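Derivation of every value follows stated rules applied to the coordinates shown; laboratory data play no part. Being a predicted model, the structure only gives us computed values, none of them experimental. Here Cβ is always computed from backbone atoms with ideal geometry, including for glycine, and neighbour counts include all displayed protein chains.
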Amino acid sequence: MKIWLVRDLEPLPTDLGAPRLMRAGMLARTLASRGHQTTWFTSTFNHYSKTHRVADDQWLRAGENLTIRVFRAPGYRHNISFRRILHNRCFAEAFRRYAAASEERPDVLVTDLPTTEAAKVVVAFGLRARIPTVVSIRDLWPDFFVDFLPPRVRPLARMAILPLDAQARFACRHATALVGISERYLAWGQAKGTGRTAAHDRVFPLTYRRLPPEALGETEAVLTKFGILPGKQVVAFVGSWGATYDLDYVLETCRLLLERDDILFVLAGDASSRPDLIEAFRALPNVVLPGWIDSYAIAALLGRATIGLLPYVSKAPQGLPNKVFEYMAYGTYQMATLGGEITGLYAETGIGRSMPGASPAAFAAAIETALADPETLHGRERRVVVFEERFDADKIYAKMVEHIVDVASGRVR
């Protein structure tokens, strides 16, 4: 089949270094590996490095059956900003113009929410061209947008997001199929699309593709470079330092555990947006800041870390974020400040503990308790088995590809 995948803001397999592919990247590769002619539409802007990959529209080859089309878009410095909305509009408009002018027609269109702009354009094009559409609900956007803006601009922001909400409702109402990363996310999309037929709607959770051991190379050299010495109990965080993460909370937790010289916090990710926190963390002898690290270094770190942190702010919209599956892939025990769906997953599988609303003191005490628990220390293999049996990327995306083909063919299973 000929499949168009429209998703901006994710790492590309053609990006420099060893990018960690996310949902669209893993789906694109799985589609291509199954023989489907896959075209991935994205932008010139790299969301993670906040730089432009290339200056103008280009075609990129990413292997057999996979072609990437990048459209020029302005980019932005802050993840939650009006300039990001402008960027999203520019990308959506670029795809609209391309699709309208193209003589080529795919068998099915696949896109994500967010962004609302692209989702509406893709679904509208599908309706006009009579092409089935699949919309994957990745975030509860734009419902949570206002909560992360300064109070003085919130009244204006509430008015500004009304068009975004209308776009989300249009996409959810008219898509041939909705795909949620969890039951909660699917229900949110179905509520937005009041009156839609749900026969093709499904849940396909986020997942992660773990690197094989033979690909890791000099793991010990990587750990030594980070300052991780034998005998240290490592508590890790790998992720962006964006607004949904409560890194101030982590800072206070680190301070409370200063006397535990056997515990080392390794907090990876691009922290350039939080210079105040960088200096505060660097002043602590129990903290290492390796900065942005590639997928090989992530594997080395998580394979060594006893605990992985998921420190979300109280208003964070995430239910079951990527980090759950990334940590689980390497058997790292998880400690989160989220409630909701993640609490149920932890209770069911025993792979972590959720403490929504806990003070830094209570969280620090819980870290000490977990590090003293033999199950935390020796249960890595069991946690990896949970991942392999339920959330392995190859299994999840194979099923998702089958569903996309069914939608394109008009079949319902």
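Using only DSSP helix segments of four residues or longer, with each worth -39500 (n - 2.57), what per-residue ellipticity at 222 nm results for the chain after dividing by its residue count and rounding to 500? Dividing the helical sum by the residues of the chain leaves -12500 deg cm²/dmol. Does anyone have the angle between helix 82-101 and the longest principal axis of the chain? Alpha-carbon axes, 0 to 90°, nearest 10? Roughly 40 degrees between the two axes.
Would you mind telling me the antiparallel percentage of the DSSP bridges in the chain, rounded to 5? In the chain, DSSP labels about 15 percent of beta bridges as antiparallel.
Pairs of lysines in the chain whose Cα atoms sit within less than 26 Å of one another amount to 16, provided the residues are eight or more positions apart or on different chains. Quantify how much of the Cα-Cα distance distribution of the chain extends past 32 Å, in percent. Beyond 32 Å sits 36 percent of the P(r) for the chain. With point charges of +1 on the Cβ of Lys and Arg and -1 on the Cβ of Asp and Glu, referenced to the Cα centre of the stretch 213-390, which listed residue (223, 358, 344) lies farthest in the positive direction of the dipole? Looking along the dipole axis, the top candidate is 358. Just rank 36, 52, fewest to most, by other beta-carbon atoms within 10 angstrom. Ranked by crowding around the Cβ, least crowded first: 52, 36.
Dividing the convex hull volume of the alpha-carbon atoms in the stretch 261-325 by its residue count gives 120 Å³ per residue. Expressed per residue, the C-alpha convex hull volume of the stretch 213-390 stands at 111 Å³. What's the center-to-center distance, using Cα atoms, between the stretch 227-281 and the stretch 112-177 in Å? For the stretch 227-281 versus the stretch 112-177, the Cα centre distance is 34 Å. Counting Lys and Arg as +1 and Asp and Glu as -1 over every other residue whose Cβ lies under 10 Å from the Cβ of residue 173, the net charge comes to +3. Taking only the C-alpha atoms of the stretch 155-233, the Rg (one decimal) and the largest Cα-Cα distance, Dmax (whole number), read 22.1, 59 Å. The alpha carbons of the stretch 30-100 give a radius of gyration and a Dmax of 13.4, 40 Å, in that order.
Here residue 273 and residue 97 are evaluated by their C-beta separation; at R0 = 25 Å the FRET efficiency comes out at 0.20.
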